[in-house]
Amino acid sequence: MTLLRATGLTKRFAARGPLGVKAEFTAVDRVSFDVGPGETLAVVGESGSGKSTTARMIAKLMDPTEGSLEFDGEDVTRAKGAALARFRAGVQVVFQDPFSSLNPRHTVERILTAPLVYQGIAPNGSRRAHAKELMERVGLNPDHSLRYPAQFSGGQAQRIGIARALAVNPKLVICDEAVSALDVSVQAQVIELLRRLQRESGFSFVFIAHDLAVVRQIAHRVAVMSKGRIVELGDTAQVFGDPRDEYTRTLLAAVPRINPEWDRRRRERVQA
Amino acid sequence: MSDLLVVEDLTVTFPTARGPVDVVRSVSFTLGRDETLGIVGESGSGKSMTSLAVMGLLPKGARASGSVRLDGVELLGRPDRELRRLRGDRMSMIFQDPLSSLNPYYTVGLQIEEVYRAHRGGSGKDARKVAIAALQQVGLPDPERRVDYYPHQFSGGQRQRVMIAMALVCSPELLIADEPTTALDVTVQAQILGLLAGLRKDSGMGLVFITHDLAVISSIATRVLVMRQGEQVEYATAEQVFAEPRHDYTRMLLDSIPRIDDPLDEGVTA
Ligand SMILES: Nc1ncnc2c1ncn2[C@@H]1O[C@H](COP(=O)(O)OP(=O)(O)OP(=O)(O)O)[C@@H](O)[C@H]1O
Ligand SMILES: Nc1ncnc2c1ncn2[C@@H]1O[C@H](COP(=O)(O)OP(=O)(O)OP(=O)(O)O)[C@@H](O)[C@H]1O
Ligand SMILES: [Mg+2]
Ligand SMILES: [Mg+2]
């Protein structure tokens, strides 16, 4: 069974070539994949390879130049009106730039309860209590519910975005580097939360990230992108343990590691 | 030769509805030329506020006390007009949120050229060449074409590299980089770390590098400052912090990093 199926998604942008001649730039080139219910698909790869553009297309924030998109058994490629509203209710996105996706003039409480208000869902209890509960879930101080986005640090703002996405019990959450600015302990906490919610409510994840160690921990399958294409797609264990593509191998080899000599000395002291 | 940057007893205070709150409390460190200080620590622990205080760029309402000296000269309390002359020239900063620190209405080329000409003068033609070279240096493909792109036409990691190019265009003596590589894939990240390490060695640039990625810190930093809830909990050489951490919080951090080579826990059912 599949929840989301992308077939041959392609995005071309108009670009100016040399001497101002019109040219086209293919940012995403015939990308196909599917995501099952309760599944986490990670998308990793080169900076500029088309990951965020793919995310925007599957979230229907941008139309593909070619290709089609199915969600919950329905072709939504050209969905409008009621069909689009249904799609929007089921799909949430958390973006790469936390501050730019939060309205600077709204308090966190308003930001967190707005999705419910749009969709006409009544929160359990008061709006304030609901916002505070969401803040607690992502490790934010609920006493700060009347603050504005600019009053938070980068990692805190990222968590506001995550809390907002979770507010409406979506079927699919698309996270575009949503945990990249979090310190390791908060990151672990947020990942644990996402996993628990996935177990409890069975939603699916498309998880774009550069941190391969995190991806290895949370993804069921991994797609590797380079220059607009998926160069490898497989089970997490296979992609990490037995990468087939040259680019995947280069990527895995470049993962930074803590100075092994220092790490060994620390572990020895811990044991002693 | 004096140290490049000396920060003593730095405290940053915000007025809030419930009275003043210190988000940075008595932080002290020194940075020599040719050194890299890595700052790590909890989200919200004051890493960005510490750097903004050094640059004289704290948000409205925030107050800094203590002392920040660049090459022996006190910066705290200096009029903004003077700080503006230093910023982008002798000291520059790569901000954590690249999108909100680039102007959406101008091409990135113009924005880099403007920084360059404000401090170095010269013709528009020269500045354009400098901008293209700066984009090339950070590994942006096709810089002659992309110099005329607007910020929204770049990917997240490309924008981050534009910010790095802009910060480096006047060859600063001090560079503060706040999570400069979080949006980059690991191969491009390695390239940027190599570039920064090269600038440190060849031109003696002092670097303050903020990241939550401890593996990156271990590869680039000579000294490490660990922060938590506005306070510095540990400040020592990188070797000391990684091999013989003294504080429980540092140990906890080192224990909780997901490592690419470690066995997986049962949480995942693939
Ligand atoms: N509006 C646009 N006009 C022209 N080109 C664009 C536009 N948006 C994106 N691009 C180009 O499309 C390519 C893919 O961008 P995208 O943001 O999808 O990359 P990404 O894989 O998310 O990279 P990163 O890891 O750096 O965030 C980039 O080369 C970018 O310059
Ligand atoms: N305008 C403000 N008013 C009150 N408190 C603020 C304001 N701006 C920031 N803060 C608080 O200051 C503290 C320090 O923020 P800072 O941005 O320095 O954290 P950080 O260590 O950089 O965190 P991160 O890793 O998440 O980027 C945070 O707890 C934040 O909530
Ligand atoms: Mg992206
Ligand atoms: Mg910060």
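Quick notes on this one:
- Within the span defined as region B:233-254, every residue fails to be closer than 29 Å to A:HIS220 by Cβ, under 15 Å from the mean Cα position of the chain (by Cα) and at the interface with chain A (Cβ under 10 Å from one of its Cβ atoms).
- Test for A:VAL179: is it outside any helix (DSSP H, G or I), within 14 Å of chain B (Cβ to nearest Cβ) and within 14 Å of A:VAL94 (Cβ to Cβ): yes
- Beta carbons closer than 7 Å, at least 6 apart along the sequence or on distinct chains, pair a first residue in region B:155-174 that is in contact (Cβ under 8 Å) with a residue 40 or more places away in the chain with a second that is of a type in the set (Phe, Trp, Tyr) for B:VAL162/B:PHE154; B:MET163/B:PHE95; B:VAL169/B:TYR116; B:CYS170/B:TYR116.
- Scanning region A:115-170 for residues that are open to solvent by 10 Å² or more (accessible area, probe 1.4 Å), without any contact (Cβ under 8 Å) to a residue 24 or more places away in the chain and of a type in the set (Gly, Ala, Ser) gives A:GLY120, A:ALA122, A:GLY125, A:SER126, A:ALA129, A:SER153.
- Flag if B:ASP261 is away from ligand 2 (no atom under 16 Å from the Cβ), more than 8 Å from chain A (Cβ to nearest Cβ) and either without any contact (Cβ under 8 Å) to a residue 24 or more places away in the chain or in a helix (DSSP H, G or I) (or both): no
- Filter result (open to solvent by less than 10 Å² (accessible area, probe 1.4 Å), more than 18 Å from A:MET225 (Cβ to Cβ) and over 15 Å from the mean Cα position of the chain (by Cα)) within region A:37-94: A:VAL76, A:PHE87
- The listed residues are B:GLY66, B:GLY38, and the only one of them that is within 13 Å of chain A (Cβ to nearest Cβ) and touching a residue at least 40 places away in the same chain (Cβ under 8 Å) turns out to be B:GLY38.
- B:PRO258, sole failed condition from (1) at positive phi; (2) open to solvent by less than 30 Å² (accessible area, probe 1.4 Å); (3) touching an Asp or Glu at 6+ places or on another chain (Cβ under 8 Å); (4) not small (Gly, Ala, Ser): (1)
- Within region A:175-201, residues that are of a type in the set (Val, Ile, Thr) have Cβ atoms under 8 Å from residues that are within 16 Å of ligand 1 (Cβ to nearest atom) in these pairs: A:VAL179/A:GLN158; A:VAL179/A:ALA209; A:VAL179/A:ASP211; A:VAL179/A:VAL214; A:VAL190/A:VAL179; A:ILE191/A:VAL179; A:ILE191/A:VAL214, counting only partners at least 6 apart in sequence or on another chain.
- Region B:97-138 - residue that is part of a loop (DSSP other than H, G, I, E, B) and within 16 Å of ligand 3 (Cβ to nearest atom) and, of those, nearest to A:GLY155 (Cα to Cα): B:ASP97
- A:LEU4 vs. criteria away from ligand 1 (no atom under 12 Å from the Cβ) and within 14 Å of chain B (Cβ to nearest Cβ): no
- Checking each residue in region B:100-115 for being under 20 Å from B:GLN136 (Cα atoms) and open to solvent by less than 50 Å² (accessible area, probe 1.4 Å) picks out B:LEU102, B:THR107, B:VAL108, B:GLY109, B:GLN111, B:ILE112, B:GLU113, B:VAL115.
- Flag for B:VAL169 being of a type in the set (Val, Ile, Thr), closer than 27 Å to A:GLU177 by Cβ, open to solvent by 10 Å² or more (accessible area, probe 1.4 Å) and more than 16 Å from ligand 3 (Cβ to nearest atom): yes
The values are calculated or read from the model by the stated rules, or taken from the named source; none is laboratory data. Being a predicted model, the structure only gives us computed values, none of them experimental. Don't worry about glycine lacking a Cβ; one is built from the backbone with ideal geometry, like all the others, and counts go over all protein chains shown. Ligands, DNA and RNA are stripped out before the accessible areas are found, and what is left, the full protein with its side chains, is counted by its heavy atoms. Shrake-Rupley method; radii C 1.70, N 1.55, O 1.52, S 1.80 Å.
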